[in-house]
1. Calculated FRET efficiency, Glu37 and Asp181, Cβ-Cβ r, R0 30 Å, to nearest 0.05?
2. Average the reciprocal distances over every distinct pair of alpha-carbons in region 1-99, invert the result, and give the Kirkwood radius in Å.
3. Where in the chain lies the longest segment free of chymotrypsin sites (Phe, Trp or Tyr not before Pro) that are both loop residues by DSSP (not H, G, I, E, B) and have at most 13 other Cβ atoms within 10 Å?
4. Hand me the tally of lysine pairs in region 1-140: alpha carbons under 27 angstrom apart, and the pair either on different chains or 8 or more positions apart.
5. Quick check on region 145-202: what are the equivalent-ellipsoid semi-axes from the Cα gyration tensor, as sqrt(5λ), descending, whole Å?
6. Run through every distinct alpha carbon pair of region 99-213 and return the Kirkwood hydrodynamic radius in angstroms, one decimal place.
7. How long, wide and thick is region 43-125, going by the Cα atoms along their three principal axes, in whole angstroms, largest first?
8. Taking Cα atoms, how many degrees apart are the long axis of helix 109-124 and the longest axis of the chain, rounded to 10 and kept between 0 and 90?
Amino acid sequence: MGRVAFVTGGTRGIGKAIVERLKADGMQVAAGYSGNEEAAAETARELGVMVVKGNVGNFEDCQRAVAAAEAELGPIDVLINNAGITRDGFFHKMTPQQWREVVGVNMDSAFNMTRQVIEGMRERNWGRVINISSINGQKGQVGQTNYSAAKAGVIGFTKALALENAKKGITVNVICPGYIDTDMVASVPENVLAGIIAGIPVGRLGKGEEIADMVAYLAGERAGFVTGATFTLNGGQYLAS
């Protein structure tokens, strides 16, 4: 039997690409989702994976989701914290709800999900936690103080957790995608999107499969010496040292 992976936000966009790649690599995969039943059903049918509903911003939902996945597939070896939302707006007009929703789904979820699996990983002396942050968690973005703060927090979370668990055979890394060709980016007005692409040195949006390739490496057996690292996959748009 292969390793077991859980991918939050795994039925669309980057998450779905990750689910597809990990399954192709021989893992048993559970794809988490929060509300889009149509996308979840399509992912289950198309990829032949388990789909699990729950709000990653809620600790009890995460307990139930992980318990369901482990009951069917076995202990989770690989966790991909990918789920994310935006509630954009200038900070001086931002509501508490806009702040709480984004921080809850984009950052609190890293605690909510990882807390469910970390003890088991430590007992088995093997695990992979891969967090999906964002270019805007590195450089900031106008109209996204909530999103940028949450995604920056994920980077700090990754570094500290990596140090705590390195001797237990658990690696913890973070990927910061740039602008990727997903439904979220496709909803950006055409003139704005053209300006974004013009600022990307490689001259195009990234592909979900390109993020999935990096996840697949970090999730594998040969990545045991890579931990606490931040990987920037943004086409050269922001060069982090």
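Rule-based calculations on the coordinates, nothing more; no lab input. Only a predicted model underlies this, so the values are computations on that prediction, with no experimental measurement involved. Cβ atoms come from the backbone with ideal geometry, glycine included; neighbour counts cover every protein chain shown.
1. That pair, Glu37 with Asp181, gives E of 0.80.
2. It is 14.0 Å.
3. Free of exposed loop sites, the longest segment is 91-224.
4. 4
5. Working through the eigenvalues yields semi-axes of 33, 12, 10 Å.
6. Value: 15.6 Å, from the Cα pair sum.
7. Over region 43-125, Cα extents along the principal axes are 47, 33, 19 Å.
8. The two axes meet at around 30 degrees.
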